[in-house]
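See structure below.
The values are calculated or read from the model by the stated rules, or taken from the named source; none is laboratory data. What you see is a predicted model, and the numbers here were worked out from it, not measured in a lab. With ideal geometry, Cβ positions are generated from the backbone for all residues, glycine too; neighbour counts draw on all protein chains shown. We work out accessible area using only protein heavy atoms, side chains counted, and drop any ligands, DNA or RNA first. Shrake-Rupley method; radii C 1.70, N 1.55, O 1.52, S 1.80 Å.
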Amino acid sequence: MKKILRYLAFINLLDGLLTFFGMRLSLIEEVNPIMDFLYTIEPLLFLSVKAVLSGFLILLSTSINFPPQTKVKVLARGAAYLYSFILVLHVLWIYEALS
């Protein structure tokens with residue numbers, strides 16, 4: 001479970017950086033209305049929220065001992081797969097836009 005949470009923290013931060021630079025270069029748009037709102041207020045606020053959320057996941061990974069088989073682990077693994085897919089889409093969109 002700790003590895004899954006750390007992986008989620010890493011890809012969340014990576015997604016934030018890719019989204020930040022993709023939006024700064026007008027290559028992509030943020031479709032999450034909350035994150036788009038934060039970016040519109042202040043791009044660094046957007047990055048800060050992503051960093052805080054990643055930090056929270058790291059904190060969870062170090063402070064809570066989850067049982068081996070829990071619903072939280074299944075949800076975290078599902079989130080990791082989904083977020084990985086979204087991250088790949090971002091990379092492809094930015095690559096396409098720069099090509």
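Structure values in brief
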| quantity | calculated |
| --- | --- |
| Residues of the range 37-65 that turn out to be more than 15 Å from T19 (Cβ to Cβ) and open to solvent by less than 60 Å² (accessible area, probe 1.4 Å), as a count | 4 |
| Search result, residues across the range 1-36 that are open to solvent by 40 Å² or more (accessible area, probe 1.4 Å) and under 13 Å from the mean Cα position of the chain (by Cα) | R6, Y7, F10, L13, L14, L17, L18, N32 |
| Tally of residues being within 22 Å of V91 (Cα to Cα), among the aromatic types (F, W, Y) and in a loop (DSSP other than H, G, I, E, B) across the range 21-72 | 0 |
| Search result, residues across the range 66-88 that are open to solvent by less than 40 Å² (accessible area, probe 1.4 Å) and either among the hydroxyl-bearing types (S, T, Y) or touching a strand residue (DSSP E or B) at 6+ places or on another chain (Cβ under 8 Å) (or both) | T70, S84 |
